[in-house]
Amino acid sequence: MARNYWLMKSEPDAFSFEDLKNCPNKTEHWDGIRNYQARNLMRDDMKKGDWVLFYHSNAGKETGVVGLAEIASKEAYPDHTSWDKKSKYYDEKSSKENPRWLMVDVKYKRPLKCPVTLQQLKEETALEGMLVIKRGQRLSIQPVEKQHFDHVSEMGGVKL
DNA sequence: GCCAACGTTGGC
DNA sequence: GCCAACGTTGGC
């Protein structure tokens, strides 16, 4: 089956692409997603081997795509932070027996030679329609069309 | 720090 | 089921 393509946002102050690189096996579980649309995308459409544009949000003029990653878990699985009372992602409506929230594992692949800023994404006519450049688009996991993924990679100086 | 846009909650 | 109030995201 053909691979799917995604964009995943993270605030670099909280968890950056470099942080992912420094994780054991360059892999980390993507916890804390508390949005139904994003959860359903993970549950229904994400699969191992899908490719990801790693996007730094809330990062001033650094805001943009900084690297490539891939989905490393076979599928989405329960987010244990959702029933951990000490976690800031705790949700009283979620439990181990009946988990409400899911996560996937994300693995570092490679950095873009030159990061592609949000500004550049907006100026690129070939990327018209990409969700991330839509105003007010807050979804933290977004589907990306293959042609857009390829184009952003190319802009970033990465030959796939 | 501001604030527009958006998702969720809860009263009715 | 509607919608106002609220909290959060994230660009600027």
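The values are calculated or read from the model by the stated rules, or taken from the named source; none is laboratory data. These numbers were taken from a predicted model, which means no experiment stands behind them. Counting neighbours? That spans all protein chains shown, and the Cβs are built from the backbone with ideal geometry, glycine included. These area figures cover heavy atoms from the full protein model, side chains too; ligands, DNA and RNA do not enter into them. Shrake-Rupley method; radii C 1.70, N 1.55, O 1.52, S 1.80 Å.
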What residue among A:50, A:13, A:105 has the largest mean-square fluctuation in a Gaussian network model of chain A, using Cα springs under 10 Å? A:13
Label point distance in nm, residue A:131-residue A:37, each placed 7 Å from Cα along Cα→Cβ: 0.7
Give the calculated FRET efficiency between residue A:75 and residue A:146 to the nearest 0.05, with a Förster radius of 22 Å applied to their Cβ-Cβ distance. 0.55
Computed FRET efficiency, Cβ-Cβ of residue A:58 and residue A:26, R0 22 Å: what is it to the nearest 0.05? 0.40
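Please give the FRET efficiency for residue A:87 paired with residue A:45, using the beta carbon to beta carbon distance and R0 = 25 Å, rounded to the nearest 0.05.
Working from the Cβ atoms, E equals 0.45.
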In a GNM of chain A with a 10 Å cut-off on Cα contacts, which of A:123, A:75, A:97 has the highest mean-square fluctuation? A:97
Report, in deg cm²/dmol and to the nearest 500, the calculated mean residue ellipticity at 222 nm for chain A, where each DSSP H run with n ≥ 4 adds -39500 (n - 2.57) and the sum is divided by the residue count. -5000 deg cm²/dmol
Taking only Cα atoms, what is the 0 to 90° angle, nearest 10, from helix A:146-155's long axis to the longest principal axis of chain A? 60
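In what sequence, largest accessible area first, do A:135, A:100, A:110, A:39 appear using a 1.4 Å probe?
Descending accessible area places them as A:135, A:110, A:100, A:39.
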Quick one: what are the phi-derived ³J(HN,Hα) couplings along segment A:111-119, Karplus 6.51/-1.76/1.60 with θ = phi - 60°, whole Hz, x for glycine and proline? x, 6, 4, 10, x, 9, 6, 4, 3
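Out of the total accessible area of segment A:26-160 (probe 1.4 Å, heavy atoms of protein only), what percent is carbon and sulfur?
46
Per residue, how much accessible area does segment A:13-112 have with a 1.4 Å probe, in Å²? Working shown, then result.
Working: 5570 Å² over 100 residues.
I get 56 Å² per residue for segment A:13-112.
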May I ask you to give the average projected area over all directions of the convex hull of the Cα atoms of chain A, in nm² rounded to one decimal? 9.7
How much length is gained if the chain between residue A:159 and residue A:119 is pulled fully straight, taking 0.36 nm per residue apart and subtracting their Cα-Cα distance, in nm to one decimal? 12.2 nm
